[in-house]
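The values are calculated or read from the model by the stated rules, or taken from the named source; none is laboratory data. Just so it is clear, the structure is predicted and the values come from calculations on it, not from any experiment. Here Cβ is always computed from backbone atoms with ideal geometry, including for glycine, and neighbour counts include all displayed protein chains.
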There are 2 protein chains.
Amino acid sequence: MTLDSTWYTEQWSGQGSAISLKIRDKVHDERSPYQRIEIYETETFGTLMTLDGLVMVTDRDNFIYHEMMSHPALFTHPRPRRVLIIGGGDCGTLREVLKHPSVELAEQVELDERVTRVSERYFPELCASNGDPRAQLRFDDGIRWVARAQAGSYDVIIVDSTDPVGPAAGLFSEEFYRNCFRALGDRGILAGQSESPLFHPQLIRSMHQALRTAGFLDTAVLSFPQCTYPSGWWSATLACKDASLSGFRQEAVAEKTFPTRYYNLGVHTAAMATPEFLYELLL
Amino acid sequence: MTLDSTWYTEQWSGQGSAISLKIRDKVHDERSPYQRIEIYETETFGTLMTLDGLVMVTDRDNFIYHEMMSHPALFTHPRPRRVLIIGGGDCGTLREVLKHPSVELAEQVELDERVTRVSERYFPELCASNGDPRAQLRFDDGIRWVARAQAGSYDVIIVDSTDPVGPAAGLFSEEFYRNCFRALGDRGILAGQSESPLFHPQLIRSMHQALRTAGFLDTAVLSFPQCTYPSGWWSATLACKDASLSGFRQEAVAEKTFPTRYYNLGVHTAAMATPEFLYELLL
């Protein structure tokens, strides 16, 4: 069967596959200096934001992505105080980061201010912590920001970026990782979204190689379901400057003082398990 | 954008969402006494089989489902010798079961012989073990088969069924589970496909309740990615007659003598982790 124009469809680039969401209405459409930003009300996924026609966030399933981009990294660092988020314009990762009481500064550097302004209007719950005095919203080039950052100035850097094409491509480069390495303090953690284990295993492999070459001592893939991203299966890659990633703060996770919907102690450990085909690729 | 007629699309029932696969050709289309069976050659997922318009199996991603429907159950039973598969007409689960050297009998009871015959032609690699002398292919009603089975005659029962509608609905009932309980011997394990944790958490909950009411001592959800099934995130539910499911044969998994592409020791443990929202639902 074919779907009529009441469906939003994203073709998964190069993968001969596509996801569609039934829409009730398109409620916003603009061209920012960087990209086209569209907002839809869907029938069963709540509000949907797309950038240049690609799904960024839906009300229904963003909790998995945002929790997995933040909590594993923050529970791995022994005491995360200063956190840098590159990208993350919908502010969902920022909200999760600010749930950690040890955090004193959460600095977000998003290239496109319009993404954040539109999110404030259409995803108010994701932006609920934007007024937190520890949150600093910068609208700037994240690659340049990290290149200019003072050495050792962050405990955790989260790269919550779009796909590795266009302006985001530099966020997957060895040079960028070298700058992150320098900007991180002792035990510093980098977390970056790393696409689909099914569709993009070679990207995951090259990311790990680039991170190791840039100086990071340990790297790990965290995988998790994400219905509206290509293949429905997504990953984050963690890297630690100078220690093993297996020794995260398990007791702190078990006693965490804030609610989550996907993440918990078992899920953290589980996400680090590597499927056989990926293990063989990363050897 | 809309997709033209060179795409196969499955609307995910009641979920306002759909997946599409780009097709090269439809190579088979028949109506069996039970359902419509169609085979497509896709551009990037290899061969695709649909039953009544729903994706059953693709070359590209079936390995995850078939491995997760079989190996966790077989590595949980202390010595699985007699295995019953209900459904499973594409024979991919049967092939995985027969990889276990302890298995002496793998009896498959599929309602629709045509599904198996079509699979033998279009998915020869999934049917590669159909000629194994330990394999017994029966074409019969699985619900009735279990109701008539001798008490204690199986070590593992795998319910590799379609969605819980139509003829398959009875495979999710307490009465069916009571018959499985009776047909299983000591330490007997039941494994059943249990839909999507994102889309069908209430089904998972009611399955667990029905299994417990039917007498099973322990139950657990295993979750795993499955790109071409609704939401891209799928689950199997395990139940053990009289022992805990946490004590599976870890050493045997670590030393397994056959190859897998998704399943391994870490993946087995990881699949049993329960996301927070599901944990709260299953309490």
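Of the residues making up the stretch B:69-76, not a single one is more than 30 Å from B:Met272 (Cβ to Cβ), buried (at least 19 other Cβ atoms within 10 Å of the Cβ) and within 14 Å of chain A (Cβ to nearest Cβ). When A:Trp233 is tested against the conditions (1) without any contact (Cβ under 8 Å) to a residue 60 or more places away in the chain; (2) more than 11 Å from every other protein chain (Cβ to nearest Cβ), the lone failure is (2). Residues in the stretch A:7-45 that are within 16 Å of A:Ser119 (Cβ to Cβ), assigned to a loop (DSSP other than H, G, I, E, B) and either more than 20 Å from the chain's Cα centre (by Cα) or in the same structural domain as A:Tyr229 (by TED's automatic domain parsing) (or both): A:Ser32 alone.
Looking at the stretch A:103-113, which of the residues that are surrounded by fewer than 20 Cβ atoms within 10 Å (Cβ to Cβ) and in contact with a strand residue (DSSP E or B) (Cβ under 6 Å, 6 or more places away or on another chain) is nearest to A:Tyr154 (Cα to Cα)? Even if it seems obvious, please write down each step before you answer.
So in the stretch A:103-113, the residues surrounded by fewer than 20 Cβ atoms within 10 Å (Cβ to Cβ) come out as A:104-105, A:112-113.
From the residues that got through so far, the ones that are in contact with a strand residue (DSSP E or B) (Cβ under 6 Å, 6 or more places away or on another chain) too are A:105, A:113.
On the way: A:Leu105: 9, A:Glu113: 23 Å.
Selected residue: A:Leu105.
Quick check on the stretch A:28-46: of everything there that is surrounded by fewer than 21 Cβ atoms within 10 Å (Cβ to Cβ) and in contact with a Phe, Trp or Tyr (Cβ under 7 Å, 6 or more places away or on another chain), which residue is farthest from A:Met272 (Cα to Cα)? Across the stretch A:28-46, the extreme among qualifying residues is A:His28.
Of everything in the stretch A:107-126, what is in contact with a Leu (Cβ under 8 Å, 6 or more places away or on another chain) and closer than 9 Å to A:Ser32 by Cβ? Give them in sequence order. Scanning the stretch A:107-126 gives a single hit, A:Val115.
When the stretch A:248-272 is limited to residues that are free of Cβ contacts under 8 Å to residues at least 40 places away in the same chain and among the small types (Gly, Ala, Ser), the one that is farthest from the other protein chains (Cβ to nearest Cβ) turns out to be A:Ala254.
Would you please name the residue that is farthest from B:Thr50 (Cα to Cα), looking only at residues in the stretch A:15-31 that are touching a residue at least 24 places away in the same chain (Cβ under 8 Å) and within 9 Å of chain B (Cβ to nearest Cβ)? Here the residue is A:Ile23. When every residue of the stretch A:212-220 is checked against the conditions, none turns out to be under 22 Å from A:Glu276 (Cα atoms), touching a residue at least 12 places away in the same chain (Cβ under 8 Å) and touching a Phe, Trp or Tyr at 6+ places or on another chain (Cβ under 7 Å).
Criterion applied to B:Asp132, B:Asp163, B:Asp112, B:Asp155 was being modelled with pLDDT under 95 and assigned by TED's automatic domain parsing to the domain that holds B:Ala73, and the one residue passing it is B:Asp163.
For the stretch A:205-229, give me each residue that is surrounded by fewer than 24 Cβ atoms within 10 Å (Cβ to Cβ) and more than 14 Å from chain B (Cβ to nearest Cβ). Result: A:Arg205, A:Ser206, A:His208, A:Gln209, A:Ala210, A:Arg212, A:Thr213, A:Ala214, A:Gly215, A:Leu217, A:Asp218, A:Thr219.
Just one of the listed residues (B:Pro78, B:Pro72) is of a type outside the set (Asp, Glu) and part of a loop (DSSP other than H, G, I, E, B), and it is B:Pro78. Considering only residues in the stretch A:121-132 that are out of contact with any helix residue (DSSP H, G or I) (no Cβ under 9 Å at 6 or more places or on another chain) and surrounded by fewer than 16 Cβ atoms within 10 Å (Cβ to Cβ), the one that is nearest to A:Leu94 (Cα to Cα) turns out to be A:Gly131. Just one of (1) away from chain B (no Cβ under 12 Å); (2) more than 30 Å from A:Asp140 (Cβ to Cβ) fails for A:Asp59. It is (2). The set of residues from the stretch B:133-164 being buried (at least 24 other Cβ atoms within 10 Å of the Cβ), closer than 22 Å to B:Leu203 by Cα and either without any contact (Cβ under 8 Å) to a residue 60 or more places away in the chain or among the acidic types (Asp, Glu) (or both) comprises B:Gly142, B:Asp160. Taking (1) touching a Phe, Trp or Tyr at 6+ places or on another chain (Cβ under 8 Å); (2) in the same structural domain as B:Glu195 (by TED's automatic domain parsing); (3) part of a loop (DSSP other than H, G, I, E, B); (4) not hydrophobic (A, V, I, L, M, F, W, C) in turn, B:Glu67 satisfies each apart from (3).
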